[in-house]
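The values are calculated or read from the model by the stated rules, or taken from the named source; none is laboratory data. The shown structure was predicted, so the numbers you read here are calculated from the model rather than taken from an experiment. Cβ: placed from backbone, ideal geometry, glycine included. Neighbour counts: every protein chain shown.
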Amino acid sequence: MSNYQTQKPHKDLYKKTLQSGGWVFGLRLFNHLLSILRLGVLAVFLTPEQFGVVGAALLLVEVLETFTQTGFNQSLIAKKGSVDQWLNTAWTAGLIRAAVLYAVIFFASPFAAELKASGELAAQTTMIMRVIGLLIIIKAMNNPGVLYFSKDLSFDKVFKINSISNTAAAIISIAAAFYYRSAWAIVIGKILGAVLSAAGGYLLHSFRPRIEIKIQKLKEMWGFGKWITGGRIVSFLINQGDDFLVWFYLGMRPLGLYQMSYKISTIPGDYVSKTLNTTLFPAMSKISDDKDRMRSAYLKLFRMVFTFSCPVVICLILGSEFLWLVLGNKWAPAIPVIQILCIKGFFQTMGTSRGPVFLSMGRPNIAFYIKLVRFGFLAAVIFPLASNYGVQGVAWAVAAAAALPQPLGFYWTNRLLGIKPGEYLPLIVPGLLLGVAAVLGAWGVVFLASVYI
């Protein structure tokens, strides 16, 4: 059993949220610095085609996971008090789902591998898909009690689990890439990281799950979770549909270039959005009945997101020479794609900052419909742009689709929280000033490099 019942509500939720946000901020910063280091080293030892092979395997896993996502964890986080009576059912349902999905991956992988590969490359891709598929089973075996860390805003424990597992995974991936120069380096790192993360959950939380299915509990969790599932399916089509198009239409090498571009361009936005969603959804769920506190929290959130994201995006868009200096000639075709996708990353981060508001106020349907609008536009323009402009056309379609629903998102947020449009203006000034400073700094680095290197 968990010890949730023994924990007293924190007297100062804002202070508790800041403390939790500090841990999540530190974790995300650590992970993203580690990710940048890992990507940089792997880019030296591996080719775009090898990145594409692993990317295709991960896409197969992600599409199956997303289309069968239950949203049970979010449902339980939103509930007040102990959720022990739901955990076993949620965990058991997850195991059944994982077993079925792995069977599908095992038998479907040869057909998926042969879409854009043949011979030895197709055989290697099949094996990588089957091994990567084990991630689904490993994740399903995680201790369900760790969701209490999110409910209680105890993210220091999450930091311990993830920092150790991610560091070990990065070290192994880099070492394997140096020694083997093979796509298996990425696979080995991901499997090891998932195993260590699962083990950490059992070490840090006392709950021990058992096989149990209660139909009524499933129905209760699904009532909330279905909107999460729908939203994630649409999000997947938005965020990974472009990857599928590049894979099927353009091939493995363009997929590797596109995914590298995507990862680099979305590092700032992904860092901010995941940090905010991790801490603010459970925090805002506790104050969802207090509109004034919700309004104040959201405006602070908006200012922080804009201030962090704007300078990074401006710097990457205007800093092509800086990107070339960092990436080198082998990845030079990715630079314009990175710059275009930065636009997408910025708008997506701004949209993600509204997500905790909709969820905590019991309106996940709003987020779902906004994503549906975005997907509809993307589906309409991505094929003609890809046909005419290749990978850059795909990037432009994705960026435009991220920008389109922003007015709709602001409209609903303002309506729910009673915010006037003019209140946003003073909040964006710090970000714009930092953006100018960031560009000048990047140009300074390039100038010094041209003089002394």
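From the set of residues in region 88-128 that are in contact (Cβ under 8 Å) with a residue 24 or more places away in the chain and polar (S, T, N, Q), which is nearest to Ile215 (Cα to Cα)? It comes out as Thr89.
Within the set Ala194, Ala170, Ala185, the sole residue that is crowded, with 18+ Cβ neighbours inside 10 Å, small (Gly, Ala, Ser) and modelled with pLDDT under 85 turns out to be Ala170. Among the residues of region 349-392, write down those that are among the charged types (D, E, K, R) and in contact with a Phe, Trp or Tyr (Cβ under 9 Å, 6 or more places away or on another chain). Answer for region 349-392, where residues must be among the charged types (D, E, K, R) and in contact with a Phe, Trp or Tyr (Cβ under 9 Å, 6 or more places away or on another chain): Arg354, Arg363.
If you go through region 238-246 one residue at a time, do you hit one that is modelled with pLDDT of 80 or more, within 18 Å of the chain's Cα centre (by Cα) and farther than 28 Å from Lys160 by Cβ? Within region 238-246, one or more residues are modelled with pLDDT of 80 or more, within 18 Å of the chain's Cα centre (by Cα) and farther than 28 Å from Lys160 by Cβ. Whenever a residue of region 379-396 is closer than 21 Å to Ser235 by Cα and in contact (Cβ under 8 Å) with a residue 24 or more places away in the chain, its partners that are in a helix (DSSP H, G or I) and polar (S, T, N, Q), lying with C-beta atoms within less than 9 angstrom and at least six residues away or across chains, give the pairs Val391/Ser261; Ala395/Ser261; Ala395/Ser265; Ala395/Gln339.
Could you tell me whether Val54 is modelled with pLDDT of 75 or more, in a helix (DSSP H, G or I) and under 23 Å from the mean Cα position of the chain (by Cα)? So Val54 passes the test.
Taking region 351-366 as the range and being of a type in the set (Gly, Ala, Ser), part of a helix (DSSP H, G or I) and farther than 18 Å from Ala400 by Cα as the test, the residues that pass are Gly355, Ser360. Would you call Ile136 assigned to a helix (DSSP H, G or I) and buried (at least 20 other Cβ atoms within 10 Å of the Cβ)? So Ile136 passes the test.
So that you can scan it fast, the table gives a plain yes or no per residue for (1) surrounded by fewer than 23 Cβ atoms within 10 Å (Cβ to Cβ); (2) assigned to a helix (DSSP H, G or I); (3) modelled with pLDDT of 70 or more:
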| residue | (1), (2), (3) |
| --- | --- |
| Pro282 | no, yes, no |
| Ser296 | yes, yes, yes |
| Phe322 | yes, yes, no |
| Val326 | yes, yes, no |
| Ile335 | yes, yes, yes |
| Gln339 | yes, yes, yes |
| Cys342 | no, yes, yes |
| Phe346 | no, yes, yes |
| Thr349 | no, yes, yes |
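Just one of (1) within 22 Å of the chain's Cα centre (by Cα); (2) surrounded by fewer than 23 Cβ atoms within 10 Å (Cβ to Cβ); (3) farther than 15 Å from Ser235 by Cα fails for Gly362. It is (1).
Please verify whether Arg374 is charged (D, E, K, R), surrounded by 14 or more Cβ atoms within 10 Å (Cβ to Cβ) and out of contact with any Pro (no Cβ under 9 Å at 6 or more places or on another chain), treating the condition exactly as stated. So Arg374 does not fit the description; no. The set of residues from region 203-214 being of a type outside the set (S, T, N, Q) and more than 12 Å from Thr92 (Cβ to Cβ) comprises Leu203, Leu204, His205, Phe207, Arg208.
Evaluate region 137-147: report whether one residue or more is more than 23 Å from Ser109 (Cα to Cα), within 21 Å of the chain's Cα centre (by Cα) and modelled with pLDDT under 80. Looking for residues that are more than 23 Å from Ser109 (Cα to Cα), within 21 Å of the chain's Cα centre (by Cα) and modelled with pLDDT under 80, one finds at least one in region 137-147, hence yes.
Cβ-Cβ distances below 8 Å connect no pair with a first residue in region 170-187 that is farther than 18 Å from Leu37 by Cβ, a second residue that is hydroxyl-bearing (Ser, Thr, Tyr) and exposed (fewer than 14 other Cβ atoms within 10 Å of the Cβ), and a separation of six or more residues or different chains.
Across region 154-200, the qualifying residues are those that are hydroxyl-bearing (Ser, Thr, Tyr) and not in a helix (DSSP H, G or I), and the one among them that is farthest from Asn143 (Cα to Cα) is Ser182. Checking every residue in region 395-405 against the condition of being part of a helix (DSSP H, G or I) and either over 23 Å from the mean Cα position of the chain (by Cα) or surrounded by fewer than 17 Cβ atoms within 10 Å (Cβ to Cβ) (or both) gives zero matches.
Filter region 110-133 for residues that are closer than 19 Å to Arg253 by Cα and of a type in the set (Gly, Ala, Ser); which is surrounded by the most Cβ atoms within 10 Å (Cβ to Cβ)? Residue satisfying both the conditions and the ranking: Ala113. When the residues of region 433-453 are filtered to those that are closer than 17 Å to Arg303 by Cβ and surrounded by 14 or more Cβ atoms within 10 Å (Cβ to Cβ), the one that is modelled with the highest pLDDT is Leu434.
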